[in-house]
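The values are calculated or read from the model by the stated rules, or taken from the named source; none is laboratory data. Only a predicted model underlies this, so the values are computations on that prediction, with no experimental measurement involved. Note: ideal-geometry Cβ built from the backbone for every residue, glycine included; neighbour counts use all protein chains shown. To get the accessible areas, we keep the full protein, side chains included, count just its heavy atoms, and leave off ligands, DNA and RNA. Shrake-Rupley method; radii C 1.70, N 1.55, O 1.52, S 1.80 Å.
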Amino acid sequence: MPGRLPAMKFLFAPIGIGAGLIAGMLGKKAFEKLWAVVDKEDPPEPDQRDAPTAKLIAALAIEGAIFRVVKGMTDYGARRAFAGATGSWPGEDPDKED
């Protein structure tokens, strides 16, 4: 049904926003816990003048990877839950395309 996809995207939007916020919090906690294993000091930030470049690259790479995985899995889980509740996948579904 052509008109149904935009409606499902509209209904899913607040759920997606909430899932994104939750993913951000989970990703931050996961990064903090992992960094504590890597180094006793806080991770360097890009705005710190004397941050060691190698340590900054490592911190940013680890943080980026964690955030991407957590965000992706949270989004996917929210979409699966939405589809289970409504019977409609909120996004592109290659199996439904003509």
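Within the stretch 53-71, not a single residue is modelled with pLDDT under 95, assigned to a helix (DSSP H, G or I), in contact with a Phe, Trp or Tyr (Cβ under 6 Å, 6 or more places away or on another chain) and under 27 Å from Phe12 (Cα atoms).
Evaluation of Phe12 against the conditions (1) open to solvent by 80 Å² or more (accessible area, probe 1.4 Å); (2) in a helix (DSSP H, G or I); (3) modelled with pLDDT under 95 shows that the sole unmet condition is (1).
Could you check, for the stretch 80-97, whether at least one of its residues is open to solvent by 80 Å² or more (accessible area, probe 1.4 Å), in a helix (DSSP H, G or I), in contact (Cβ under 8 Å) with a residue 12 or more places away in the chain and not β-branched (Val, Ile, Thr)? No, every residue in the stretch 80-97 fails to be open to solvent by 80 Å² or more (accessible area, probe 1.4 Å), in a helix (DSSP H, G or I), in contact (Cβ under 8 Å) with a residue 12 or more places away in the chain and not β-branched (Val, Ile, Thr).
Would you be able to tell me the number of residues in the stretch 33-68 that are among the charged types (D, E, K, R) and under 30 Å from Phe82 (Cα atoms)? Outline the logic, then answer.
As a first pass, look at the stretch 33-68 and keep what is among the charged types (D, E, K, R): 33, 39-42, 45, 47, 49-50, 55, 63, 68.
Cutting the leftovers down to under 30 Å from Phe82 (Cα atoms) gives us 63, 68.
The total comes to 2.
Contact map, the stretch 48-69: first residue β-branched (Val, Ile, Thr), second residue assigned to a helix (DSSP H, G or I), Cβ cut-off under 8 Å, separation 6 or more or different chains; pairs are Ile62/Phe31; Ile62/Leu34; Ile62/Trp35; Ile62/Val38; Ile66/Gly27; Ile66/Ala30; Ile66/Phe31; Ile66/Leu34.
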